[in-house]
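Down below is the structure, laid out as structure tokens.
Every read-out reported here was derived from the displayed coordinates using simple, explicitly stated rules and does not represent laboratory data. This one's a predicted model, so the numbers in the text were calculated from it and none came from an experiment.
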Amino acid sequence: MTKGPVEEPARSEARGDGGHPADALVAMDAGLENLAEDPRVARGNAEERVRKGCELLGKGRLDDAQAEFEAAVALDPENAQAHNKLGVVLAHKGKLDEARMRFEKALALDPRCAAAMSNLGNIYKEKNMLDRAVEFYKMALSVDPDHATAHHNLGVVYRQMGMIDRAVSHFKQAHRLELRALSSESRAAARAGRYLWPLIAVALIVAYVLAFGK
């Protein structure tokens, strides 16, 4: 079976300064290299890698998630979130010292990264260094008082330390914040549904008219 003609770019229009097709290829390659080296492009690509990595992490695909976060770090070494998320993967794999270094790097890049602080608390909790864990959970809460995970994990550590009253206080705070987050999500879903149903109704009416209005 024959195929239709394949369109090719007009070579006379794709020339470099020398007027030769080879010059056009050199110019194109140089342009692509400059684009790839543009920090804004690299940062955008890194953010996309982080997004994909988070999706994979949520599905439990640790190796694939790690590859995405490592690619993000390679594209943008100053991306604190990429370092933090890579640390999360490493912690899941039991590589606590490597994870700790990633969390520390994230914190060095972004001194107000509450997630990295909370994750460092988790590392020290796993190592049974409870005083250090408390220190980092408190740091996280000083930056983000509504960090539910930090409240919960601080409660866990206080319970291990026998400080039951403090543990209960932080468990209650974590529970309150989680309920508030669920309520916000429910309201957002309800609002989306309120706007979606009229569109569905219009679509059904249009479909009915097209089917039976002839």
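HN-Hα J couplings of segment 164-181 from phi, Karplus 6.51/-1.76/1.60, θ = phi - 60°, integer Hz, Gly and Pro as x?
5, 4, 5, 4, 4, 4, 6, 4, 5, 5, 4, 4, 4, 5, 5, 5, 5, 5
Among Lys105/Lys127; Lys93/Lys172; Lys59/Lys93, which pairs are too far apart, with a Cα-Cα distance over 26 Å?
Among Lys105/Lys127; Lys93/Lys172; Lys59/Lys93, the Cα-Cα distance tops 26 Å for Lys93/Lys172.
Principal axis lengths of segment 34-111 from Cα atoms, whole Å, largest first?
Rounded to whole Å, the extents work out to 40, 28, 15 Å.
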